[in-house]
Amino acid sequence: MATRKINVDGKEIEAEETLTLLQACEQAGAEVPRFCYHERLSVAGNCRMCLVEWVGAPKPQASCALQVKDIFPNKDGTPARINTNSPYVKKAREGVMEFLLINHPLDCPICDQGGECDLQDQAMGYGRAAFHRFNENKRAVEDKYMGPLIKTIMTRCIQCTRCVRFATEVAGVPDLGATGRGEDMEITTYLEKAFASELSGNAVDLCPVGALTSKPYAFNARPWELRKTESVDVMDAQGCNIRVDTRGREVMRVLPRVNEDVNEEWISDKTRHACDGLRYQRLDQPYVKKNGKLVPATWAEAFAAIAARVSATRPEKMAAIVGDLAAAEEIKALKDLMGSLGVTNLDCRQDGAKVGRGPRQSYLFNSTIAGVDAADVLVLIGANPRWEAPVLNARIRKGWLNGLKVAGVGVAMDQTYPVEDLGSDPSVLAKLTDGSHPFAQVLKDAKRPMLIVGPSVLARADGAAVLAAAAKLAGETGMIGPEGSASEGGWNGFNVMHSAASRVGALDLGFMSEKGVAGILDGASKGEIDFVWLLGADEFDMAKLGSAFVIYQGTHGDAGAHRADVILPGAAYTEKEGLYVNFEGRVQRGKRAAFPPGEAKDDWAILRALSDVLGKRLPYDDLGALRAAIIADAPHFAEEGTAPARPGADPAVWSAIGEAGAIDSAPLASGMRDFYMTNPIARASKTMAECSRIFVSGSAKMAAE
């Protein structure tokens, strides 16, 4: 990479020529204010707040719009001198700030951005409080409708266009734009319809003033009132890094944290706004069914009812199912408790996914999320990443902008980037493998091709056979390259995408059996299984449990709780310490931001207490001992924050993926019908219900109507 020397505030540095001058100045330790510039968006050069002095130039320079290669040396060959804090620069920035504040209202006391506003911060440094020179009336702009998540006060807008560039470039939804020119310019959704993106809330984070704020969070709290806790998202299986802001025992909002390898700095709207579901329909005390009705009970009464039922049945007639939001700690505790009772009917695959039998690579996103940036061809197999992993979808779109070619088998929904339709017939996989399909040559010519198998494909009756066909396609078309063909560990383009946050961790811990959830439910409906433990499991037809005795351990009064004979109130993901493994196999730690309501307890602690009552005491009394037991079972849990190395092309590994068998001719497709209603927390959220009504049901009319 070519470099060039420049002198920033008397400090000589060597910077890459492709960097902006603003980035180079920051590398030198200078602080350069900005409003329109953002590292992940294209350069607009609107606000001019980043002015610096290039000694010898006739006027101040906008450092965001210049690259280092544009800064030529002085005539004597010495590096160009850049000043970022001289009186000349300060006066120029004060002039820009004066223009920005001409039309900005004095809303700070009532503005939700107050306390974390870029304009406030920069006005403290560059505002001219002594006098102003503008005597005309301030401009007023009508507020715009942008849907149920974004509140607009457009008189505050400084036309930085960050939101427009985010919508077009990252979200891939050209709903936002500008009309008018000069002082008449306005940011708007052209037909005043809702901003139809699963990532729309990120525009609020990007807004440097209070023009775009969070509608559900409006007037709820000030930033200095909130306690901030770093955690991990569980609304999908990507494991986006988040910050949970609480006031007292209440979660007020969820914001993204930067992690370049996982989510960059984006999160989905469900991650951000489903947190109000933590307040509603909560289970806050144990319940026991008496005379056909659930009645409140003490913990001792609930445990006694469970112990009585356990003693009245046999291990082969018992089963346990793990839900989609469980952390590794309670999965391990439940597995150990069931194991101590001799129970072998265990499963975590509520949707019936046919994974987990082969090597660990058979159910992971082996390319890694960051690896999408290096791929040049991608085949989606029955996947809908726009709903099943929205932040991953944004990464795929970024790859497409940089030349990634995307094709799909059974991909119906608009993914925000062009997808070449290869059909939906599963036979396409065989044709791509043997070279009889025209797109097969594109795969063979690619340097780093990859495929993504969607979760709905794995849930088909022939899911194991489809998985085997996908693995064969990967092996025959160069998706699984030799060691050293890419970065460390070689290239591996075989990827399985999950949508359940608990799935990979549960598979790693071996929480599964030959029966599967379908076998357990079939046994329950026939009376062969008469005791079922549901650990937050709600995503299947409860009628199939027949007359079995059901214990539901969870957080919300969802489907499982309605069917339960005993309810044990647990803790939500924001209310406990927990380890989660995302779909690329990366172990991440979620931290407690609040405490569970009422008598609800940590899930692993409930199971540990019950084990005493059952006479099968579990061998750990604290979280440290439990995690040591987890690591003993699965050593990779000790390597928090890192994705597993890409495995090379070992035929013994890849031939063991899936199972040989006939593939049904039914079209491949994603089975997710409503992005906003996928788990108990989201279903309890009023905000998600409104989003579902507007974006999925389509029952809401556009504001323009």
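The values are calculated or read from the model by the stated rules, or taken from the named source; none is laboratory data. Since we're looking at a predicted model, the values are computed, not measured. Every residue, glycine among them, receives a Cβ derived from its backbone with ideal geometry; neighbour counts consider all protein chains shown. Quick note on the areas: whole protein, heavy atoms, side chains included, nothing else; ligands and nucleic acids left out. Shrake-Rupley method; radii C 1.70, N 1.55, O 1.52, S 1.80 Å.
The residue list Pro438, Ser63, Pro223 was ranked by how far each Cα lies along the charge dipole of the chain toward its positive end, using unit charges on Cβ atoms, and Pro223 comes out on top.
Atom-type composition of the exposed protein surface of the range 364-500 places 50 percent of the accessible area on carbon and sulfur (1.4 angstrom probe). Computed from phi, the 3J(HN,Hα) profile of the range 578-588 under the Karplus parametrisation 6.51, -1.76, 1.60 (θ = phi - 60°) reads x, 9, 10, 10, 7, 5, 8, x, 8, 7, 9 Hz, with x in place of Gly and Pro. Close amide-amide hydrogen proximity is noted between Ala407 and Leu378, Val379, Leu380, Glu420, each under 5 Å apart and 5 or more residues distant or on a separate chain (H modeled in the peptide plane; Pro and chain starts excluded).
Expressed to the nearest 5 percent, the antiparallel share of DSSP beta bridges inside the chain is 55 percent. Computed per residue of the chain from DSSP H runs no shorter than four, each worth -39500 (n - 2.57), the mean residue ellipticity at 222 nm is -6500 deg cm²/dmol. Applying both filters, DSSP loop and at most 13 other Cβ atoms within 10 Å, to the chymotrypsin sites (Phe, Trp or Tyr not before Pro) of the range 237-344 gives Tyr280. Cα centroid separation, the range 260-305 to the range 541-559: 13 Å. Ligands, DNA and RNA left out, the accessible area of the range 224-280 computed with a 1.4 Å probe is 44% carbon and sulfur.
Computed 3J(HN,Hα) for the range 454-465, one whole-Hz value per residue from the Karplus formula 6.51 cos²θ - 1.76 cosθ + 1.60 where θ = phi - 60°, is x, x, 5, 5, 5, 7, 5, 4, 9, x, 5, 6, glycine and proline marked x.
Separation of the range 494-538 from the range 1-23 is 56 Å, based on Cα centroids. Centre-to-centre, using Cα atoms only, the range 459-481 and the range 601-639 are separated by 36 Å.
Only Cα pairs under 8 Å and 6+ residues apart enter the sum, and on that basis the relative contact order of the chain stands at 15 percent. A simple charge model with +1 on the Cβ of Lys and Arg, -1 on the Cβ of Asp and Glu and nothing else charged puts the dipole of the chain at about 900 debye relative to its Cα centre. Distances between placed amide hydrogens fall under 5 Å for Gln67 paired with Leu21, all partners being 5 or more residues away or on another chain.
Per residue, the solvent-accessible area of the chain (1.4 Å probe, heavy atoms of protein chains only, all protein chains present) comes to 40 Å². In order along the range 134-147, the Karplus-derived 3J(HN,Hα) couplings, from 6.51 cos²θ - 1.76 cosθ + 1.60 at θ = phi - 60°, round to 10, 10, 7, 5, 6, 6, 10, 10, 5, 6, 10, 8, 10, x Hz, and Gly and Pro are given as x.
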